[in-house]
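First comes the structure, then the notes that go with it.
The values are calculated or read from the model by the stated rules, or taken from the named source; none is laboratory data. These numbers come from a predicted model, not from an experiment. Counting neighbours? That spans all protein chains shown, and the Cβs are built from the backbone with ideal geometry, glycine included.
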Amino acid sequence: MRLTMQRIGVLTSGGDAPGMNACIRAVYRAGTRYGLEVYGIKNGYAGLIAGDMKKLERLDIANIIHLGGTVLGTSRCEEFKTLEGREKAEIKLRERGIQGLVIIGGDGSFRGGNLLSLETGIPIITIPGTIDNDIPGTDFSIGFDTAVNIALEAIDRIRDTAISHGRLFFVEVMGHSSGFLALESGIAGGAEHLILQNSKEEIDILCERLKDMFARGKRHAIVVVAERDRPGCSFDISKTVSERLSMDSWVCVLGHTQRGGSPTARDRILAAKLGVSAVIGLIEGRSGVMVGELMREVVYQPISDVIGGRQDLDPRMTKLSKIISN
Ligand code: ADP
């Protein structure tokens with residue numbers, strides 16, 4: 001490979017996701033493999049603006065592959081949304097001679113990275129890292145598989161109590177507006193029902209199904225609820241259903257437990273693939289693109305095609321969930 005680039009930077013931004021560390025490691029390993037210096041930028045865009053960055057050494061990324069969170073730190077940085085903030089970031093990058101940037105984060109981070117790239121001409125490649133799996137242009141984002149497995153473990157545990165006591169449980173999972181986490185953890189956990197949209201129609205259907213189930217002699221049920229844009233929405237659902245069916249119900253909101261913890265093998269492998277591909281992409285002269293994986297193929301797509309887009313639930317999977325929960 002012909003190298004015109006000597007020094008690149010890597011940062012994590014927005015919500016943390018398990019597998020970000022494995023991805024930082026992959027960026028470092030690929031960078032050094034191809035003769036680049038790799039700078040780690042602390043705390044996302046806040047660190048970029050502050051010039052809080054250092055050349056990564058082998059020991060900095062040793063023994064981090066299995067760790068959740070991000071060793072570089074992350075942040076939400078309002079200043080980066082302003083032109084002045086991004087100009088400060090550009091100055092810091094130029095001062096340090098950083099000629100390309102890898103950004104691991106979600107939709108908001110991509111927006112910031114895209115603007116920085118357009119305004120400065122500094123090559124930027126983004127990598128989807130979010131448990132929500134709400135980024136189009138990739139089948140999965142880093143962190144999603146781990147979050148599914150954490151939710152699954154919680155559902156399995158709750159099932160023990162639900163069965164023992166004969167209870168109706170609502171288990172609310174994260175996933176922001178997408179519903180992916182609820183769909184996959186619900187299928188894997190054998191949930192009796194899924195609430196993915198929190199619509200009135202869904203609640204009506206749920207009540208009818210529960211009535212049927214309990215009339216047939218079933219003593220327990222687990223309903224997995226997607227938080228959507230309303231974390232805590234399952235309390236209202238539980239109240240409505242309890243009133244309508246004149247029965248008690250219990251709520252468990254999994255919340256941030258789903259964001260932490262050691263990444264699964266699948267997330268580590270995805271992180272390795274995308275981290276290495278981002279570095280290769282920069283060396284090949286790509287910029288303003290997100291690297292993702294579609295049908296097992298690594299793909300580069302303009303960030304502008306990805307931001308603000310929707311990753312819809314696969315209708316085959318929603319159909320499947322209905323068939324097997326019956
Ligand atoms: P995520 O990347 O997980 O979606 P956020 O939406 O909080 O998380 O975005 C992370 C950071 O990206 C923000 O704190 C901000 O610094 C930057 N960012 C978000 N939206 C924009 C935007 N429209 N323009 C510039 N920077 C943005």
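Couple of notes before you dig in:
- Residues in segment 1-23 that are in contact with a strand residue (DSSP E or B) (Cβ under 6 Å, 6 or more places away or on another chain) and either closer than 21 Å to L116 by Cα or acidic (D, E) (or both): M5, R7, I8, G9, V10, L11, T12, S13, G14.
- Residue check for I127: closer than 30 Å to G186 by Cβ, touching an Asp or Glu at 6+ places or on another chain (Cβ under 8 Å) and in the same structural domain as G15 (by TED's automatic domain parsing): no
- Segments classed as helices (runs of 4 or more DSSP H), wholly inside segment 132-221, with at least 2 members that are surrounded by fewer than 22 Cβ atoms within 10 Å (Cβ to Cβ) and touching a residue at least 60 places away in the same chain (Cβ under 8 Å): 144-165
- From the options R310, R286, R268, R259, residue that is modelled with pLDDT under 95, of a type in the set (D, E, K, R) and surrounded by 15 or more Cβ atoms within 10 Å (Cβ to Cβ): R259
- Of all residues in segment 42-52, those being over 13 Å from E90 (Cα atoms) and of a type in the set (A, V, I, L, M) number 0.
- Residues that are more than 30 Å from V148 (Cβ to Cβ) and of a type outside the set (A, V, I, L, M, F, W, C) within segment 1-30 comprise R2, T4, Q6, R7, G9, listed in sequence order.
- Identity of the residue in segment 1-10, β-branched (V, I, T) and either within 16 Å of the ligand (Cβ to nearest atom) or modelled with pLDDT under 95 (or both), that ends up surrounded by the fewest Cβ atoms within 10 Å (Cβ to Cβ): T4
- Of all the numbered requirements in (1) without any contact (Cβ under 8 Å) to a residue 60 or more places away in the chain; (2) closer than 25 Å to A30 by Cα, E78 misses one, and that requirement is (2).
- Residue list for segment 33-77, filter: more than 16 Å from R7 (Cβ to Cβ), touching a Lys or Arg at 6+ places or on another chain (Cβ under 7 Å) and more than 16 Å from the ligand (Cβ to nearest atom): I61, I64, I65
- Members of segment 282-296 that are under 12 Å from F140 (Cα atoms) and not basic (K, R): V291, G292, E293, L294, M295
- Filtering segment 222-252 to residues that are surrounded by 15 or more Cβ atoms within 10 Å (Cβ to Cβ) and assigned to a loop (DSSP other than H, G, I, E, B) leaves E227, R228, S249.
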